[in-house]
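Only one structure is covered here, and it is reproduced in the block below.
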Amino acid sequence: IQLGLSGEPFERPLTHDLLVDVVTEFGGAVVGVRIDDLADGTFYAKLDIVRYVEGESEKFVFDARPSGAVAVAVRADCGITVSDDILDAAGRPPSEVEFDPDEEPSGERHLDDPDEGDWGFR
């Protein structure tokens, strides 16, 4: 994920870069990533992909590991959606987390508003 955020070029593509390139070459686009389930302490994710053939779109959904899905989202520059139920189940109260809300870590990247171009996936 950090390598994708850094934008450093590589001589040969890493796996996540390769996946995005293959999807694109076959007329598709990764349009979103969803972290949509949490069971027994394990998160589950989906990749939402659209393929265009002769002007018509076809939607596909693929199961993915959340870490891999986020790495793909960084490279595809698409939104990442986490359901409120998952946030509630996995979250911690602010009192357990020490941070300065006015200080932004270097290299932090804010994800786009998930409502922008949501392609009907939710």
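The values are calculated or read from the model by the stated rules, or taken from the named source; none is laboratory data. This one's a predicted model, so the numbers in the text were calculated from it and none came from an experiment. Cβ coordinates were reconstructed from backbone atoms using ideal geometry, including for glycine residues, and neighbour counts include every protein chain displayed. Accessible surface is based on the protein model in full, side chains and every heavy atom, while ligands, DNA and RNA are left aside. Shrake-Rupley method; radii C 1.70, N 1.55, O 1.52, S 1.80 Å.
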Measuring from label point to label point, each 7 Å out along Cα→Cβ, what is the Glu8 to Thr42 span in nm? 3.2 nm
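Summarise the accessible area of region 23-81 (1.4 Å probe, protein heavy atoms) by the percent that is carbon and sulfur.
Values: 1660 of 3320 Å².
C and S fraction of accessible area: 50 percent.
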Distance cut-off 13 Å, percentage of C-alpha pairs in region 7-68 lying past it: 68 percent
For region 1-77, what is the accessible area per residue in Å², given a 1.4 Å probe and the full set of protein chains? 66 Å²
Residues whose modelled amide H sits under 5 Å from the amide H of Ser83, counting only those 5 or more places away in sequence or on another chain, are Ile35
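Pulled fully out, how much extra length does the chain show between Val61 and Asp102, if you take 0.36 nm times their separation in residues and subtract their Cα-Cα distance? It would help to have the intermediate numbers written out before the result.
Values: separation 41, 0.36 × 41 = 14.76 nm, distance 3.76 nm.
Using 0.36 nm per residue and subtracting the Cα-Cα distance, I get 11.0 nm.
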Relative packing of 60-67, 91-98, which averages over residues the other C-beta atoms within 10 Å, highest first: 60-67, 91-98
